[in-house]
1. Take Ser168 and tell me if it is within 30 Å of Asp238 (Cα to Cα) and among the polar types (S, T, N, Q).
2. Within the set of pairs 6 or more residues apart or between chains, which connect a residue that is under 16 Å from Ile26 (Cβ atoms) inside the range 178-197 to a residue that is open to solvent by 20 Å² or more (accessible area, probe 1.4 Å) and of a type in the set (Gly, Ala, Ser) with Cβ atoms less than 8 Å apart?
3. Among residues belonging to the range 11-41 that are in a helix (DSSP H, G or I) and among the β-branched types (Val, Ile, Thr), point out the one that is nearest to Arg227 (Cα to Cα).
4. State all residues of the range 241-267 that are part of a helix (DSSP H, G or I) and β-branched (Val, Ile, Thr); if no residue qualifies, say none.
5. Which one of these does Leu96 not meet: (1) without any contact (Cβ under 8 Å) to a residue 12 or more places away in the chain; (2) touching a Lys or Arg at 6+ places or on another chain (Cβ under 8 Å)?
6. Report, by residue number, each residue of the range 268-312 that is assigned to a strand (DSSP E or B), open to solvent by less than 40 Å² (accessible area, probe 1.4 Å) and modelled with pLDDT of 90 or more.
7. Which of the residues spanning the range 1-48 are surrounded by 11 or more Cβ atoms within 10 Å (Cβ to Cβ), farther than 22 Å from Gln135 by Cβ and among the charged types (D, E, K, R)?
8. Within the range 186-208, which residues are under 19 Å from Pro70 (Cα atoms), out of contact with any strand residue (DSSP E or B) (no Cβ under 6 Å at 6 or more places or on another chain) and either open to solvent by less than 40 Å² (accessible area, probe 1.4 Å) or at pLDDT 95 or above (or both)?
Amino acid sequence: MIKTKITAFIERVFYSPNIFDYFLIIILSPLSLIYGTIMLFRRIFAIKKDFLIPIISVGNLIVGGSGKTPFLIAIASRYPKSCIISRGYGRKSKGLIWVSQEGKILTDVESSGDEAMLIAQNLPQSSVIVSEDRQKAIIEAKNRGAKVIFLDDGFNKVDIKKFEILLSPKNIKNPLPFPAGAFREFAFSKRFSNLFLVEDTDFKREVEYENLTSSMLLVTAIANPSRLDKFLPHGVIDRYYLSDHEFFDEQDILEKMQKVNATSILVTQKDRVKMERFKLPISEIKLKLSFSNSIFDEIDNYIKRYGSKIEK
């Protein structure tokens, strides 16, 4: 309960502050200015390495979710010889690990992290690598025959030459960088991207449900979980939030279900990959993205400039 309240407070300050929150924002704003300036100089003076292979980065400017994973799955699914490289946030492993190779799963979710496993399960013709060192992973993927590489959350990797796609929520009332706001850099850094896509304008979320019941406990470990509110079906009687990428304890969830008399838990696809062995009744909310074919055209044109011939 305390963690849920803290999460809600931080989200409110970052994304939709009220008049009282601005006192805290003003106090923290000098730190935000310093942080944003450092990040700007880092980007301007970076020397970019060209790996001689098309690299597409899908990222965002804010802390928290913006639809990166479903967007990445949607575009990477068009390229059979693609390799997706992720940091593997939340994983219980270190170093470079092949999560999948041309669709064959090679490890478990604890070693891969939730997002990387979700990507691997949804891209049967692609490969997925997790690595703290993105440059090392790019070389490894290229040596094993990748024709195009997608970087998950790669906008801050300023030392790599790549095609930058940034996704953004529609309305963010607090435009300041961390720690006073949710931005990882100054908001105008979007000008460094090749494509800047805004939710509900350039892309839309579509929702499907599975196994809904009459009384569900929403259980999720995603950033900014309140963004799910507008997609929740009837029957959600309570909420249980964990930190982004955190792993779940089945007995803990069962006790919370019993406390509120829930007949199932409602989770996202990202949460579900960490619950494969759970024996709890699970309902699922599936979020997908729809967007214009012109976005595919932009990516195709970038790949063609590298002379890559990729069958789709």
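1. Numbers: within 30 Å of Asp238 (Cα to Cα): yes; among the polar types (S, T, N, Q): yes.
Against the criterion (within 30 Å of Asp238 (Cα to Cα) and among the polar types (S, T, N, Q)), Ser168 qualifies.
2. That search, which allows pairs on different chains as well, returns Ala180/Ser29.
3. Pass one, the range 11-41, residues in a helix (DSSP H, G or I): 11-15, 21-41.
Filter once more, so that each one left must be among the β-branched types (Val, Ile, Thr): 13, 25-27, 34, 37-38.
Values: Val13: 14, Ile25: 22, Ile26: 25, Ile27: 27, Ile34: 29, Thr37: 29, Ile38: 30 Å.
Ranking the qualifying residues of the range 11-41, first place goes to Val13.
4. Just the residues of the range 241-267 that are part of a helix (DSSP H, G or I), to begin with: 250-260.
Listed by number, the residues that qualify are Ile253, Val260.
5. With respect to (1) without any contact (Cβ under 8 Å) to a residue 12 or more places away in the chain; (2) touching a Lys or Arg at 6+ places or on another chain (Cβ under 8 Å), Leu96 is out only on (1).
6. Thr268, Ile282, Ser283, Glu284, Ile285, listed by residue number.
7. Lys3, Glu11, Arg12, Asp21
8. Glu199
The values are calculated or read from the model by the stated rules, or taken from the named source; none is laboratory data. Keep in mind that this is a model prediction, so the values were computed, not measured. Neighbour counts run over all protein chains shown; Cβ positions are idealised from the backbone, glycine included. Quick note on the areas: whole protein, heavy atoms, side chains included, nothing else; ligands and nucleic acids left out. Shrake-Rupley method; radii C 1.70, N 1.55, O 1.52, S 1.80 Å.
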